[in-house]
1. For Cα extents along the principal axes in Å, one of (i) 56, 42, 28; (ii) 64, 42, 36; (iii) 56, 51, 42 was computed from the structure I shared and the rest are decoys. Which label?
2. Taking the Cβ of Thr127 as the centre, find all other residues whose Cβ is under 10 Å away and add up their charges (Lys, Arg: +1; Asp, Glu: -1).
3. So for Glu243, Glu183, fewest C-beta neighbours within 10 Å to most, what's the order?
4. Beta carbons within 10 angstrom, averaged per residue: use that to sort the peptides 52-63, 69-80, highest first.
5. Treat the count of other C-beta atoms within 10 Å as a stand-in for reagent exposure and order Asp222, Asp3 from fewest to most.
6. Counting only other residues whose beta carbon sits under 11 Å from that of Val19, what net charge do I get with K and R as +1, D and E as -1?
7. Tabulate in residue order the Karplus-calculated ³J(HN,Hα) for segment 214-229, using 6.51 cos²θ - 1.76 cosθ + 1.60 with θ = phi - 60°, rounded to whole Hz; enter x for Gly and Pro.
8. Given 0.36 nm per residue, what is the gain on full extension from Thr189 to Val135 after removing their alpha carbon distance, in nm?
Amino acid sequence: MDDAVRTTIDAEAGIGTVVLDRPAQRNPLSTSMMRQITAALRELSADDAVRVVVVAAAGPVFSAGHDLSELIDRTIEDERLVFEVCTEMMDTVQQIPQPVIAAVQGPAIAAGCQLAASCDLVVAASTAVFGTPGVRIGLFCSTPMVALSRAIGRKRAMQMLLTGETVDADTAADWGLVNLVVEPDRLDTAVGALAAKIVGASPLTVAIGKQAFYRQIDLPQDEAYELTVETMAANAVTCDAQEGMDAFLTKRTPVWRGK
């Protein structure tokens, strides 16, 4: 299969972009595309010029989810492989040190919704919709459920999962799945503006914070504090934290040196 993903780097802005690029097929998350996305994320994460990663899509649809043709007349081992490849991609989104912003311009369905929910931040065009309609075709969206339920909570996730109905961008924002909704012609500008707010921070500090966030989020409160006390202590002695605090006290602009 031809490449279904393309990447770009805007070194001046500090942004690396992964574009799902099979618009005629509604950007299906085939095993090939998912492996390409995973590889692209890892490649961008290793580039020192990249401070923020954007996941975007070509055409009117963000992603219609899994390529269902890969799930017909297969063995359970074949089926398991598809979802393992998917899980690796979703985990990679959260494992790379750079924050990942989903730029959702249209429908994000099933595993496409899962991909958006797995990203650290989501900016959606007003034309975007989100849904997990697998129940309607006899295949419950169990893996999308993991990311979705962590983003919007149990009751709302169950509503989407059990009914298969889509929610519009404003509802998704109200529920906590989306950070910002803009008109379609402002999507790229809004994503760039959000990324710019992150790029100014120390990349070392951002990486420490992102990793700690996902490690603590599902821990009991006492364990979360135990983890984050150690995280903050280790962060505080880094060169960038020392530089940042000194710069604040001496009223100057910090110069970040950590990676």
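1. Identified label for the calculated read-out: (ii).
2. Values: positive: none; negative: Asp168, Glu183.
Local net charge: -2.
3. Details: Glu243 17, Glu183 11.
Lowest count first: Glu183, Glu243.
4. On the way: 52-63: 22.8, 69-80: 10.2.
Result, highest mean first: 52-63, 69-80.
5. On the way: Asp222 8, Asp3 12.
By the 10 Å Cβ count, ascending: Asp222, Asp3.
6. On the way: positive: Arg6, Arg22; negative: Asp3, Asp21.
With Lys, Arg at +1 and Asp, Glu at -1, the neighbours total 0.
7. 6, 6, 8, 4, 9, 7, x, 4, 5, 5, 5, 5, 4, 5, 6, 4
8. Here the segment from Thr189 to Val135 would lengthen by 15.9 nm.
Read-outs throughout are calculated quantities, based only on the coordinates presented, and are distinct from any laboratory measurement. A quick note: this is a predicted structure, and the numbers were derived from the prediction, not measured. Cβ coordinates were reconstructed from backbone atoms using ideal geometry, including for glycine residues, and neighbour counts include every protein chain displayed.
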